[in-house]
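Some notes on the structure that comes next.
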Amino acid sequence: MLNFLGKRAIASGISLVGLVLLVFFLSRLTGDPTGLYLPLDASEESRMQFREIHGLNDPLIVQFFSYMGDLIRFDFGDSIRRSEPAIDVVLRAFAWTLQLGTLTMMLVVSCAIVVGSLAAFHVGGIFDRIATFFSLIGASAPDFWVAIVAIVIFSVTLGWVPTSGTGSVAHWILPIAVLFIRPFGLIVQIVRGSMITALSSAYVKTARAKGIKNRAIIFVHALRNAMLPVITVVGDQAAALLNGAVVVETIFGFPGVGKLMIDSILQRDFTVVMAAIMVTATAIFVMNLLIDILYSILDPRIRY
């Protein structure tokens, strides 16, 4: 296991370096941020001084290796916009995204397992058809479209919930609901397919012959063996949820890392953009590693 973890850490490190290289040069294509932070009538001397302070006078390749050197020392630089360490700005925003993503995935996984398992147990029945119909619609619905429609209906027309912000529980309802729909639909389908296979196995038939209750058969005997493909999809959807939060947070004005990233790109705050991507990518790599470890716990036959 330790050998496997070491290999995954090395592979993740190489991927992070490649990601930093790509994002660093792409972010510079947005242009010189000097015009955004200095008055239009600022002198050329002031502009040169601004660039010198923020290391923008050097050639791009020199800036990149300088940034990598700072990164090795865990120095992400200071935000041009906020004049404070970029990593502090990102971690504050990431805490909001982490809360939003954790709450959403807890609801998604618990609801999808119940709905998918019951649909598999009553395969071909009314409940199965309804669950399949709505889960397929949910899996196909784009987040940005659902978010806009939800605001128009529930905020503007009905006035039930606020359109943006985080001041109360009501502010969280629409962002969680929008992020809930797509992963719920996908995971329900995976749970249903895995459970159909598990419920048709010999050990389940033996459990039924012994008179074990249906609830125990579904959620004790069959579910454990059906969870491996489900865990894979849950991990993928958790990572996709972090990426999807960029759009949803921007639409709902939620102060998470997604909105911060969009704002920083528009403001050409390069250090914050890089720090946000590094933190998000690291979180995704760690999450994938935990899923691999969970695989070996659920299925002792797996040996890395």
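Of the residues making up region 174-202, those that are surrounded by fewer than 17 Cβ atoms within 10 Å (Cβ to Cβ) and either touching a Pro at 6+ places or on another chain (Cβ under 9 Å) or free of Cβ contacts under 8 Å to residues at least 12 places away in the same chain (or both) number 3.
Out of A281, A275, report the one residue that is touching a strand residue (DSSP E or B) at 6+ places or on another chain (Cβ under 9 Å), at pLDDT 80 or above and not acidic (D, E).
Numbers: A281 fails: touching a strand residue (DSSP E or B) at 6+ places or on another chain (Cβ under 9 Å).
On inspection, the qualifying residue turns out to be A275.
For region 237-289, the set of residues classified as without any contact (Cβ under 8 Å) to a residue 40 or more places away in the chain and within 19 Å of P183 (Cα to Cα) consists of N243, V246, listed by residue number. Looking only at residues of region 34-54 that are at pLDDT 70 or above, closer than 21 Å to L266 by Cα and not aromatic (F, W, Y), we find that the one that is surrounded by the most Cβ atoms within 10 Å (Cβ to Cβ) is T34.
Evaluation of I61 against the conditions (1) aliphatic (A, V, I, L, M); (2) under 21 Å from M261 (Cα atoms); (3) in a helix (DSSP H, G or I) shows that the sole unmet condition is (2).
Restrict the check to region 292-299 and report whether at least one residue is outside any helix (DSSP H, G or I) and modelled with pLDDT under 80.
Let us first name the residues in region 292-299 that are outside any helix (DSSP H, G or I), namely 299.
Then keep just the ones that are modelled with pLDDT under 80; that gives 299.
Yes, there is a match, as at least one residue in region 292-299 is outside any helix (DSSP H, G or I) and modelled with pLDDT under 80.
Table: residues versus (1) buried (at least 17 other Cβ atoms within 10 Å of the Cβ); (2) more than 22 Å from Y67 (Cα to Cα).
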position: I262; (1), (2): no, no
position: Q267; (1), (2): yes, no
position: M274; (1), (2): yes, no
position: M278; (1), (2): yes, no
position: I293; (1), (2): no, yes
position: I297; (1), (2): no, yes
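Among the residues of region 64-93, those identified as part of a helix (DSSP H, G or I) and either over 24 Å from the mean Cα position of the chain (by Cα) or hydroxyl-bearing (S, T, Y) (or both) are F64, F65, S66, Y67, M68, G69, D70, I72. In the set S117, S135, which member is touching a Gly at 6+ places or on another chain (Cβ under 9 Å), touching a residue at least 40 places away in the same chain (Cβ under 8 Å) and part of a helix (DSSP H, G or I)? After applying the criteria, what remains is S135. Among the candidates A150, A112, the residue that is touching a residue at least 12 places away in the same chain (Cβ under 8 Å) and either over 22 Å from the mean Cα position of the chain (by Cα) or closer than 17 Å to V247 by Cα (or both) is uniquely A150. Each residue in region 258-271 was checked for being in contact with a Leu (Cβ under 7 Å, 6 or more places away or on another chain) and assigned to a helix (DSSP H, G or I), and 1 pass.
Taking residues in region 4-29 that are closer than 30 Å to L56 by Cβ and of a type in the set (V, I, T), and partners anywhere that are assigned to a helix (DSSP H, G or I) and modelled with pLDDT under 80, not one pair has Cβ atoms closer than 7 Å while being at least 6 places apart or on different chains. For region 80-100: of the residues being among the small types (G, A, S) and surrounded by fewer than 23 Cβ atoms within 10 Å (Cβ to Cβ), which is modelled with the highest pLDDT? Residue satisfying both the conditions and the ranking: A95.
The values are calculated or read from the model by the stated rules, or taken from the named source; none is laboratory data. The structure displayed is predicted, hence computed values, not measured ones. Heads up, the Cβs are rebuilt from the backbone with ideal geometry, glycines too, and the neighbour counts pull from every protein chain shown.
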